[in-house]
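The values are calculated or read from the model by the stated rules, or taken from the named source; none is laboratory data. Everything numeric in this text was worked out from a predicted model, so none of it was measured. Here Cβ is always computed from backbone atoms with ideal geometry, including for glycine, and neighbour counts include all displayed protein chains.
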Amino acid sequence: MKDTFGRIHNYLRISLTDNCNLRCFYCMPEEDYDFTPVSRLMQAEEIETLAKIFVEQGVNKIRLTGGEPLVRKDAGKIIAALSKLPVKLTLTTNGTRVKELLPVLLDSSIRSLNISLDTLQPERFLFMTRRDQFAKVYEAIQLLLEHHFYVKVNMVVMKGLNDTEILDFVEWTKTQPIHVRFIEFMPFSGNRWSSNKVVSLQEILDIIATKYEFDALPNDKNDTAKAFHITGHEGTFAVISTMTAPFCEGCNRIRLTADGKLKNCLFSKTETDLLQPLRRGEEVLPLIQSCILSKAKELGGQFTATNFEQIISESIDNRSMITIGG
Ligand code: SAM
Ligand code: SF4
């Protein structure tokens, strides 16, 4: 699945639902949001059918995401089905339902998970997610470590909100084998983004350098994260610099939304419906191929890293993050 820039797409991210049990303001639209009715979501068998088509075309890594993938009632069934495919299966979750689903995870082919946690302070967690669930998420991370999962912790850094905690997250990697990923705040429809809330890759590294010496770890060409290690620390940290140093050149990702639309980029304006054609018994492969061939060079063709300070998030033509699948 090669695009016009020679990039081969072998990593599929599947959103299982746009529903979520948290309300992170940077992810959800500001106005009241109605979650998509179940009948319009891909059913478990449809997810499996589409996933197999992608695997036949060379996909060797699948990430399940959302919304919150683990709030879906049949999440266990979907994880079990996709575990049988010859892919590296992974999951991005807010962690709140990990404990209930631990037996499913242990039985699955998943060995590495991304857990989102933007603060180590329970009151700030409540403010950012509008739900009092800090302890549950923190305990989920400990539980996964006890069961030897590879745990990456995603922290979206926002100026004046949680940027004062960057060093606390790095300190956490000293004693525990967690892999913290600081994510630059990205603009989506209605998410109160402004460029002055972005803490850049360079600013993050400057803050960490006030206390620690660190070494860059070798990067793979498809990596979105620039990773670092501090001598003597069990874990590592990394920065996902979508805004100030994008990694579009090595992009190998495509995304399937929970309602069965293929997006060739997180920021793509257009999307290709696969679900309705699949339900009508039509061929979806030509649709997938033309979607990939229409992929823009950088950031969905909507902005560039050099002009990100001029972005007005409302002018970006896209869904909100929760409906794309991060
Ligand atoms: N509910 C799951 C979770 O929170 O991990 C999976 C879906 S969530 C949309 C996936 C990732 O996108 C999370 O790590 C979240 O922090 C990140 N994210 C959401 N909105 C974002 C934004 N505006 N900028 C940067 N990252 C964002
Ligand atoms: Fe839900 Fe994840 Fe979005 Fe937070 S970031 S609202 S947990 S989907």
With hydroxyl-bearing (Ser, Thr, Tyr), within 16 Å of ligand 2 (Cβ to nearest atom), at pLDDT below 85 and under 30 Å from Leu41 (Cβ atoms) as the only criterion, which of Thr224, Thr323 stands out?
Thr323
Which numbered condition in (1) within 16 Å of ligand 2 (Cβ to nearest atom); (2) without any contact (Cβ under 8 Å) to a residue 60 or more places away in the chain is the only one that Gly76 fails?
(1)
If I ask for residues that are within 15 Å of Leu145 (Cβ to Cβ), away from ligand 2 (no atom under 16 Å from the Cβ) and either in a loop (DSSP other than H, G, I, E, B) or among the acidic types (Asp, Glu) (or both), which ones from region 98-125 would you list?
Ile110, Arg111
Go through region 14-49 and report how many residues are in contact (Cβ under 8 Å) with a residue 60 or more places away in the chain, within 13 Å of ligand 2 (Cβ to nearest atom) and either out of contact with any strand residue (DSSP E or B) (no Cβ under 9 Å at 6 or more places or on another chain) or not in a loop (DSSP other than H, G, I, E, B) (or both).
11
When you go through Met186, Met155 one by one, which is the residue that is closer than 18 Å to Thr224 by Cα, in a loop (DSSP other than H, G, I, E, B) and not charged (D, E, K, R)?
Met186
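For (1) more than 16 Å from ligand 1 (Cβ to nearest atom); (2) surrounded by 22 or more Cβ atoms within 10 Å (Cβ to Cβ); (3) of a type in the set (Ser, Thr, Tyr); (4) closer than 30 Å to Thr164 by Cα, each residue gets a yes or a no:
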| residue | (1), (2), (3), (4) |
| --- | --- |
| Ala44 | yes, no, no, no |
| Asn60 | yes, no, no, no |
| Ile79 | no, yes, no, no |
| Arg111 | yes, no, no, no |
| Phe125 | no, yes, no, yes |
| Gln142 | yes, no, no, yes |
